[in-house]
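K.L.:
Encoded as structure tokens, here's the structure I'll be asking about.
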Amino acid sequence: MPDPQSPTITVLMAVHNGAATLRDALDSILAQTFADFECLIVDDASTDVTPELLRAAAEADPRVRIVRNAENLGLTRSLNRGWDLAQGRYIARMDADDVALPERFARQVALLDARPEVGVCGTWIETIGDPAGDVWDFPADDAAIRSRLIFENVMPHSTVMFRRAAFDAAGLRYDPAFTAAQDYDLWVRAAPFVRFANVPEVLLHYRVHPAQIGSARRAEQRACAQRVRPAQIERLGLHFTEADLALHESLALWQVARGYGDLRRISIWLAALQTANRAAGIYPEPAFTQILTDRWWMAYPRQSERGLGACLALARSPFVWAGPEPWAQRRRFALRDAWAVSVARIKDRLRPIKRMVRG
């Protein structure tokens with residue numbers, strides 16, 4: 001446990017052969033306006049010039065601490081090793097290929113100091129690399145964040161700062177069984193014990209490139225995330241089938257429905273989640289219903305696939321009427337659009353019959 005003389009923050013990084021981007025990441029940490037931190041870097045048996053870069057950084061700034069694994073342990077176990085050695089009251093995650101903006105630590109410490117109920121604090125991000133300039137904004141309040149967890153992680157790993165004592169008290173660490181999406185799994189397990197928040201401004205530049213985990217290991221990332229979602233459905237006490245899980249996964253990936261059948265199944269599944277949550281009280285309302293409503297509308301089919309079936313699905317789904325905003329205007333347009341498409345198709349089908357009658 002950290003003592004009163006320990007730094008406020010431990011910046012926790014694990015790196016394996018990250019020489020190409022490591023210098024930028026380190027420079028961004030050491031240039032933070034909030035300077036009371038140690039930068040603890042676990043070198044996961046790198047074979048490039050990463051060890052030399054780390055030694056030079058530690059010699060130049062005493063806040064940098066280096067721990068080297070004798071063998072490659074992988075990201076999850078390396079993070080747990082660093083966590084056990086951390087001295088800070090708060091642990092700030094950082095990856096070797098990202099760049100923190102100068103005010104990141106100051107903004108997060110200010111939030112955590114002011115709101116002791118918050119255990120995990122993230123930020124918005126802007127992409128660098130390919131593509132560059134995309135801003136990923138995430139919900140700021142706890143109710144929306146924890147409700148979104150049933151579908152996805154909205155606490156980007158390289159942005160988070162978390163309250164170490166809260167996780168230690170609950171006996172929480174990264175699960176070594178997760179080689180990817182280990183943060184998503186951790187937030188879900190931490191949800192009963194902590195509150196979440198995101199600072200609603202870009203405080204990290206997130207690098208997108210082929211070697212980065214979200215690209216080169218996308219399939220592994222997705223497979224690990226798929227293991228997190230069923231556990232949440234089970235907590236709701238909801239019995240589900242493989243078909244239900246496949247449907248849930250399509251919603252998690254923001255996939256668009258194909259016609260009335262898909263829309264109807266989605267509506268039934270979302271209603272089941274809503275009903276189960278009302279009984280179990282796992283996710284806060286009305287935020288949870290709003291998240292379900294958002295998913296229903298994002299699954300609404302494209303223009304070419306709308307028609308009478310879509311009109312019926314709109315009329316029958318409780319999520320069409322669930323929330324006044326932001327879908328009220330879209331609801332009006334969608335109902336009008338679906339009805340117009342349906343009428344046009346009916347007229348097209350009646351036209352040959354009319355010709356026969358006239359003939």
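The values are calculated or read from the model by the stated rules, or taken from the named source; none is laboratory data. Bear in mind the structure is a predicted one, so any value in this text is a computation, not a measurement. Neighbour counts run over all protein chains shown; Cβ positions are idealised from the backbone, glycine included. The area values use the complete protein model at the heavy-atom level, side chains included, leaving out ligands, DNA and RNA. Shrake-Rupley method; radii C 1.70, N 1.55, O 1.52, S 1.80 Å.
K.L.:
By average Cβ neighbour count within 10 Å, what is the ranking of 168-177, 92-101 from highest down?
P.N.:
92-101, 168-177
K.L.:
Under the rule a/c < 1.5 gives rounded, and otherwise a/b versus b/c splits prolate from oblate, where does the stretch 74-119 land using the Cα gyration tensor?
P.N.:
It is oblate, given that a/c is not under 1.5 and a/b is not larger than b/c.
K.L.:
Quick one: work out Rg over Rh on the C-alpha atoms of the stretch 1-132, Rh as Kirkwood radius.
P.N.:
0.95
K.L.:
On the first, second and third principal axes, largest extent first, how far apart are the outermost C-alpha atoms of the stretch 1-43 in Å?
P.N.:
37, 23, 8
K.L.:
With every protein chain left in place and a probe of 1.4 Å, what is the accessible surface of Phe138, to the nearest 10 Å²?
P.N.:
Taking all protein chains as shown, Phe138 has close to 30 Å².
K.L.:
What does the extension gain come out to for Arg265 and Asp134, with contour length at 0.36 nm per residue minus their alpha carbon separation?
P.N.:
Residue separation times 0.36 nm, minus the Cα-Cα distance, leaves 43.9 nm.
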